[in-house]
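A short write-up of the structure that comes next.
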């Protein structure tokens, strides 16, 4: 058995595909390419594959990770070429490597996620920077999130490691965010822009990096 760690990108064409549909897409692609995944044991065996952190619907990414267990050994370079020829437009393997079978799961290794966010706003560049400085200067920020009939309360400020203005042109604000992404919580860019006083929902959110524990 071999464990391959795969880094891949997801573009505009697939940003409205759900997490489960992405799993199915990978399974169909492996089947078409003739790559045989290893299967779990038990009454209902399934292919042994796991994504690092589900990408929310509507986001794009250049930094997704997935672990795939294969029944036999494969050269990462051969694997990448084989699979990329079967993948639809909008998704592509960027890199793969063999990792130890006994290493912790990807989900357990993820610590942070970095995003570039574009949102429409009428406030000035200086006001944007001041809003970011004020947010980062806070010791904490109690935030409420409505989910169906329940309200979740948490510290939004604690989820933000880095936040900066990249550009503002034609009322389009571009922000970079390094947010918490682990078993204790995952920061959502649209909540951060709302906390900055921007009422518009982001026009685009791209995950550019996932930070894994070394």
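Values quoted throughout were computed directly from the atomic coordinates according to the rules given, and no laboratory measurement underlies them. Because the structure is predicted, anything quoted here is derived from the model rather than measured. Here the Cβ positions follow ideal geometry from the backbone for every residue, glycine too, while neighbour counts run over all protein chains shown.
Some observations on this one:
- Tilt relative to the chain, helix 125-137 - C-alpha long axis, 0 to 90 degrees, to 10: 70 degrees
- Across every direction, the projection of the convex hull enclosing the Cα atoms of segment 2-103 has a mean area of 6.4 nm².
- Centre separation in Å (Cα based) which lies between segment 149-214 and segment 91-111: 24 Å
- Label selected from (i) 33, 23, 14; (ii) 28, 21, 13; (iii) 36, 19, 15, the criterion being semi-axes √(5λ) of the Cα gyration tensor in Å as computed here: (iii)
- Relative contact order (%) - segment 2-103, alpha-carbon pairs under 8 angstrom, separation at least six: 49 percent
- Normalised by the number of residues in segment 109-212, the average gap of Cα pairs under 8 Å and 6 or more apart makes the relative contact order 46 percent.
- Peptides 155-166, 37-48 ordered by average Cβ neighbours within 10 Å, highest first: 155-166, 37-48
- Cα gyration tensor category, rounded, prolate or oblate, for segment 109-212 with a/c compared to 1.5: prolate
- Mean sequence separation of contacting Cα pairs (under 8 Å, at least six apart), scaled by the length of the chain, corresponds to a relative contact order of 26 percent.
- Reducing segment 27-54 and segment 59-89 to their Cα centroids gives an inter-centroid distance of 12 Å.
- For the chain, adding -39500 (n - 2.57) for each run of n ≥ 4 DSSP H residues and dividing by the number of residues yields -6500 deg cm²/dmol at 222 nm.
- Length gained when the stretch residue 167-residue 24 is fully extended (0.36 nm per residue, less Cα-Cα span): 47.7 nm
- Just checking the listed ones, 145, 82, 168: in the Gaussian network model of the chain with Cα springs under 10 Å, the one fluctuating most is 145.
- Highest-MSF residue in the chain out of 151, 110, 57 [GNM, Cα springs under 10 Å]: 151
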